[in-house]
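Participant: Take a look at this one; I'll ask things after.
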Amino acid sequence: MSVDTVSMTGWGRTAPTTALRFRPRTYEEAAVAVTGRGPRGVVARGLGRAHGDAAQNAGGSVVDMTGLDRVHAVDAVGGVVACDAGVSLHRLIEALLPLGWFLPVTPATRYVTVGGAIGSDLHGTGHRTAGSFTRHVRSLELLTADGSVRRVVPGTDLFDATAGGLGLTGVILSATLSLLPVTTSLMSVDTERAADLDAALAGLAAGGAAYESARIDLMARGRATGRAVLIRGEHVPVDALPARARRTALAFRPGKLPPVPAYVPEGLLGRAPAALLGELRFRGARAARAGRLQRISAFFHPLDALPGWNRLHGPGGFVQYQCAVGDGQEEVLHRIVQRLARRRCPAFHAVLQRLGAGGPGWLSFPVPGWSLSFGLPAGLPGLGRLLDLFDDETAAAGGRVCLAKDARMRPSAPAAMYPRLPDFRALRGELDPEGAFRSDLSRRLAL
Amino acid sequence: MKNAFGAPQSLLVLGGTSEIGLATARRLIARRTRVVRLAGRPSPALERAAAGLRELGAEVHTVAFDALDPGSHEEVLGKVFAEGDTDMVLLAFGVHGDQIRDEEEPLGAVEVAQTNYTGAVCAGLVCAGALQAQGHGSLVVLSSAAGARARRADFIYGSSKAGLDAFAQGLGDALHGTGVHVMVVRPGAVRTRPARRGESPLVTTPGAVADAIVTGLRRRSETVWVPGPLRAVAAALRLVPRPLYRRLPVR
Ligand SMILES: Cc1cc2nc3c(=O)[nH]c(=O)nc-3n(C[C@H](O)[C@H](O)[C@H](O)COP(=O)(O)OP(=O)(O)OC[C@H]3O[C@@H](n4cnc5c(N)ncnc54)[C@H](O)[C@@H]3O)c2cc1C
């Protein structure tokens, strides 16, 4: 097993810390890394796509799971896959799509591991109907502090603590997942302009499609504040394709651009480019356009075509913010969008979406209602205070802020947002009294 | 832990009565800092400083620490780090000395050198080791623009800061990639009252230095000049021929 000392950050590239990185290739090696941990504990890491400091552990050990990447078995009839936790969703889609199966929950990037997907209980734009990632987990194997392995199934406290548990209950070694049947690798996509935030909210509330989200132009001001492009998608059934296209109906061919260079100066994604991009996206979308065919990769993961795009924010990195509030609390979203627009914050990739019923995960993010997410350059003056204010408003409305993406919350904030946090702490106290599993996030927020 | 904006949750100020140190602590408490340790020679002033910060809502401890006793640094600072993570260390102690007197009484000059340089080297290394072991943290070293090029008027002080500055830069390079961030801060002449009209724009205040430190933390800067234009002035002064430099008016 290779072991080295490296400095790590999350995808936002803020707050680097150094740890001993273990790269196990077998479950036994993973157990050695956990039992041989130092006084500063250990945490699992997947592909490091969490934006904040969830998958780093200053001065301690980090178990990089990406070497544990075997797909054990695929039940191509029943739609079930068993695989190691280090397998990426990209690999799974590559293997499963030609067999007519897809992942029931897909985040905005394929480059996350199954372990990371469970650890942050991913949600996709189809949350309203599909729920979050762990709803589709049939069982998982969890390596605990003493080096033993437990099989964990839904309906148990340990499962509910591990689903969205940010790696703090143990290292997930493998999982068995249920899949979604598809007959093509294409999506039928409808886009529609929404002139302001109210129109976007109304458009999403109407609902109907399997996958729905609104890309908000946060640079637009005045009457256009919160204008958006609504995007709705459905899997295309094979009989809707022309005969010639049916032969390759399930092909998976993601396109890829050359990676972003290692060094990009600060401020490349400033106000002017953000405004321009927002304008282009809004104008570029036709007022209403139905039934456009798009590949699965282009529909779900457009950013994956540009490897290392997080470097575009320059060496200062960026901060991702995602909050959720219930129905009837739209006023909070209005206030947040208005403040961002008024301050001309160069937000990129602002997405509004519907959330359906929450899962059982104690620290899992989704609650029924709305979710709003966006990224901002970490160097923006006054950003810390602004986001604290958003936290307060969200908490006051009974909502919550996503922990897997957090890099800046106040330690007092999660208790107000996650009512099951005391249960989570109690379970950890019993299962892992020494606090073997620790991360920078858990230290910062005293989870 | 520091957050994405470089704001620490726990702070250790070496030189706990330093105006710049306290101004920085006040600003950081307004952000994320909850635990502050003020290290210095036990005195009523140190306790007063601690009480002042407590009023702002932080948990404040005082630590008996003497820069002139390097032999005790490992033990004293080791205890501080053993109590929990220290996300930021601000090395703020230093004495100005009295140039004219110190030229006549070399032992006075030695004390300036021992405090500003020897003491800081020792405490700096001890803290660097502890920060490295915890895998994260910032070490902020208060140098001085006077160290950029020694002047006739205060070269004893200036040379001690020049030594400290070179040490801190080297330490920053040594710790590059370890998760520990070293930031060298070079203020111009620091006045505790606001600058008067007509006074040189290169004069600064503890508050301004503290603001620059907070910004530097956010940007993970390696060197910070306060005020900013001082960087260019110092670069220009370095090029002035000696016969001329010697005769420059002294502020
Ligand atoms: C471009 C982009 C788009 C995204 N879109 C979405 C989205 O649409 N919806 C959404 O929910 N999230 C989204 N995310 C967030 C991201 O998907 C999650 O943070 C995910 O957890 C990252 O997976 P990873 O494998 O990279 O895990 P890491 O970032 O390495 O780790 C994330 C967390 O999971 C834990 N973990 C990882 N592996 C294991 C394991 N084997 N056992 C136990 N714990 C483990 C870690 O300890 C850590 O707490 C997005 C991120 C990016 C960069």
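The values are calculated or read from the model by the stated rules, or taken from the named source; none is laboratory data. None of these values were measured; they are calculated from a predicted model. For neighbour counting, all protein chains shown are included, and Cβ atoms are generated from backbone atoms with ideal geometry for every residue, glycine included. Quick note on the areas: whole protein, heavy atoms, side chains included, nothing else; ligands and nucleic acids left out. Shrake-Rupley method; radii C 1.70, N 1.55, O 1.52, S 1.80 Å.
Participant: Sort B:1-7, A:122-128 for me by packing, meaning the mean count of neighbouring Cβ atoms within 10 Å per residue, highest on top.
Facilitator: B:1-7, A:122-128
Participant: Summing -39500 (n - 2.57) over the DSSP H runs of n ≥ 4 in chain B and dividing by its residue number, what mean residue ellipticity at 222 nm do you reach, to the nearest 500 deg cm²/dmol? Could you put the intermediate results ahead of the total?
Facilitator: Numbers: 10 runs with 107 residues, N = 251.
Taking each H run of at least 4 residues, the total per residue is -13000 deg cm²/dmol.
Participant: Computed FRET efficiency, Cβ-Cβ of A:D75 and A:L293, R0 41 Å: what is it to the nearest 0.05? Display every interim value, and only then the final one.
Facilitator: Working: r = 29 Å, r/R0 = 0.72.
That pair, A:D75 with A:L293, gives E of 0.90.
Participant: Using a 1.4 Å probe, what is the accessible area per residue for the protein assembly as shown, in Å²?
Facilitator: Numbers: 28280 Å² over 698 residues.
On a per-residue basis, 41 Å².
Participant: Given points 7 Å out from each Cα along the Cα-Cβ axis, report the B:E103 to A:K256 separation in nanometres with one decimal.
Facilitator: 6.9
Participant: Averaged over peptide B:2-13, how many Cβ atoms belonging to another chain are found within 10 Å of each residue's Cβ? Before the final figure, lay out each step's value.
Facilitator: Details: counts 10, 16, 22, 14, 5, 3, 0, 5, 0, 0, 0, 0.
That works out to 6 on average.
Participant: Right, another one. Given H placed 1.01 Å from N in the peptide plane, which residues other than close sequence neighbours of A:Y211 have an amide H under 5 Å from its amide H?
Facilitator: Hits under the 5 Å cutoff: A:G233.
Participant: Cα gyration tensor of the stretch A:186-413, axes a ≥ b ≥ c as square roots of the eigenvalues: rounded (a/c below 1.5), prolate (a/b > b/c) or oblate? Spell out each step's value before the answer.
Facilitator: Numbers: a/c = 1.61, a/b = 1.32, b/c = 1.22.
Verdict is prolate for the stretch A:186-413.
Participant: Just to check I understand the Karplus step: with θ = phi - 60° and J = 6.51 cos²θ - 1.76 cosθ + 1.60, what whole-Hz values come out for the stretch B:50-55, glycine and proline as x?
Facilitator: 5, 4, x, 6, 4, 4
Participant: Taking R0 as 45 Å, what FRET efficiency do you get between A:V238 and A:M1 from their Cβ-Cβ distance, rounded to the nearest 0.05? It would help to have the intermediate numbers written out before the result.
Facilitator: Numbers: r = 45 Å, r/R0 = 1.00.
Once rounded, the FRET efficiency stands at 0.50.
Participant: Same structure again: Under the rule of at least 5 residues apart or a separate chain, name every residue whose amide H is placed under 5 Å from the amide H of A:A404.
Facilitator: Residues meeting the amide H criterion: none.
Participant: When the Karplus curve 6.51 cos²θ - 1.76 cosθ + 1.60 is applied with θ = phi - 60°, which whole-Hz ³J(HN,Hα) does each residue of the stretch A:141-149 get, with x for Gly and Pro?
Facilitator: Working through the residues one at a time gives 10, 10, 8, 9, 4, 7, x, 8, 10 Hz.
Participant: What does the structure give for A:6-18 when I average, per residue, the other chain Cβ atoms found within 10 Å of the residue Cβ?
Facilitator: Working: counts 2, 7, 2, 2, 1, 0, 1, 1, 7, 11, 9, 9, 9.
The shielding value for this peptide is 5.
Participant: Relative contact order for the stretch A:71-182: what percent, with Cα pairs under 8 Å and sequence separation of 6 or more?
Facilitator: Working: 213 pairs, mean separation 37.3, N = 112.
Relative contact order, the stretch A:71-182: 33 percent.
Participant: Oh, and also: Determine, for each peptide in B:105-116, A:83-94, the mean count of other beta carbons within 10 angstrom over its residues, then list the peptides with the highest first. Numbers along the way, then the final one.
Facilitator: Details: B:105-116: 17.0, A:83-94: 22.4.
Highest to lowest by the protection proxy: A:83-94, B:105-116.
Participant: Could you pull out every residue, at least 5 positions away or on a different chain, whose amide H is within less than 5 Å of the one on A:V319? Hs are placed 1.01 Å off N in the peptide plane, and Pro or chain starts have none.
Facilitator: Here the answer is A:L376, A:A378, since their amide H atoms fall under 5 Å of that of A:V319.
Participant: Next question, about the same structure. Once neighbouring chains are kept in place and the probe is 1.4 Å, which whole percent of the accessible area of the protein assembly as shown is contributed by carbon and sulfur? It would help to have the intermediate numbers written out before the result.
Facilitator: Numbers: 15520 of 28280 Å².
Percent of accessible area from carbon and sulfur atoms in the protein assembly as shown: 55.
Participant: If you take the square roots of the eigenvalues of the alpha-carbon gyration tensor of the stretch B:17-121 and sort them as a ≥ b ≥ c, do you get rounded (a/c under 1.5), prolate (a/b over b/c) or oblate?
Facilitator: Working: a/c = 2.48, a/b = 1.71, b/c = 1.45.
In terms of gyration-tensor shape, prolate.
Participant: Ok, one more. Once fully extended, how much extra length lies between A:R247 and A:E279, figured as 0.36 nm per residue of separation less the alpha-carbon to alpha-carbon distance? Can you show the working numbers first?
Facilitator: On the way: separation 32, 0.36 × 32 = 11.52 nm, distance 3.89 nm.
Contour length minus the Cα-Cα distance gives 7.6 nm.
Participant: Just the C-alpha atoms of the stretch A:71-182: what Rg/Rh do they give, with Rh taken as the Kirkwood radius? If you can, show how the numbers build up before the last one.
Facilitator: Values: Rg = 13.1 Å, Rh = 13.9 Å.
When Rh is taken as the Kirkwood radius, the ratio is 0.95.
Participant: Could you state the principal axis extents of the C-alpha atoms in the stretch A:336-447, from the largest down, to the nearest angstrom?
Facilitator: Result, largest extent first: 48, 32, 23 Å.
Participant: Separate question: What percentages make up the Cα-Cα pair-distance distribution of chain B when the bins are 10 Å wide from 0?
Facilitator: Values per bin, smallest distances first: 7, 32, 38, 18, 5, 0.
Participant: Ok, one more. Determine, from the Cβ-Cβ distance of B:D211 and B:R191 and an R0 of 22 Å, the FRET efficiency 1/(1 + (r/R0)^6), rounded to the nearest 0.05.
Facilitator: Details: r = 15 Å, r/R0 = 0.69.
Efficiency, rounded to the nearest 0.05: 0.90.
Participant: Shape call for chain A from the C-alpha gyration tensor, a ≥ b ≥ c root eigenvalues: rounded (a/c under 1.5), prolate (a/b greater than b/c) or oblate?
Facilitator: Working: a/c = 1.56, a/b = 1.19, b/c = 1.32.
Oblate, since a/c reaches 1.5 and b/c is not below a/b.
Participant: Then there's this: Could you work out, residue by residue across B:183-189, how many beta carbons of other chains sit within 10 Å of that residue's beta carbon, and then give the average as an integer? Write out the running numbers ahead of the final one.
Facilitator: On the way: counts 0, 0, 0, 0, 0, 0, 0.
Other-chain Cβ atoms within 10 Å of each residue's Cβ, averaged: 0.
Participant: Could you order the peptides B:53-64, A:18-29, B:24-35 from most to least packed, using the average number of other C-beta atoms within 10 Å per residue?
Facilitator: By packing density, highest mean first, the sequence is B:24-35, A:18-29, B:53-64.
Participant: Which whole-Hz couplings ³J(HN,Hα) result when phi for each residue of the stretch B:33-43 is put into the Karplus expression 6.51 cos²θ - 1.76 cosθ + 1.60, θ = phi - 60°, listed in order with x for Gly and Pro?
Facilitator: My calculation for the stretch B:33-43 gives 6, 10, 10, 10, 10, 9, 9, x, 5, x, 6 Hz in order.
Participant: Right, another one. If I model a spin label as a point 7 Å beyond the Cα along the Cα-Cβ vector, how far apart are those points for A:R343 and A:V264 in nm?
Facilitator: Going from the A:R343 label point to the A:V264 one covers 2.2 nm.
Participant: When we measure straight from the Cα of B:K161, which lysines land under 29 angstrom away, once same-chain ones fewer than 8 places off are left out?
Facilitator: Correct list for B:K161: B:K2, B:K79.
Participant: To continue, here is another question. Can you give me the relative contact order of the stretch A:186-413 as a percent, contacts being Cα pairs under 8 Å and 6 or more apart?
Facilitator: On the way: 427 pairs, mean separation 55.0, N = 228.
Relative contact order, the stretch A:186-413: 24 percent.
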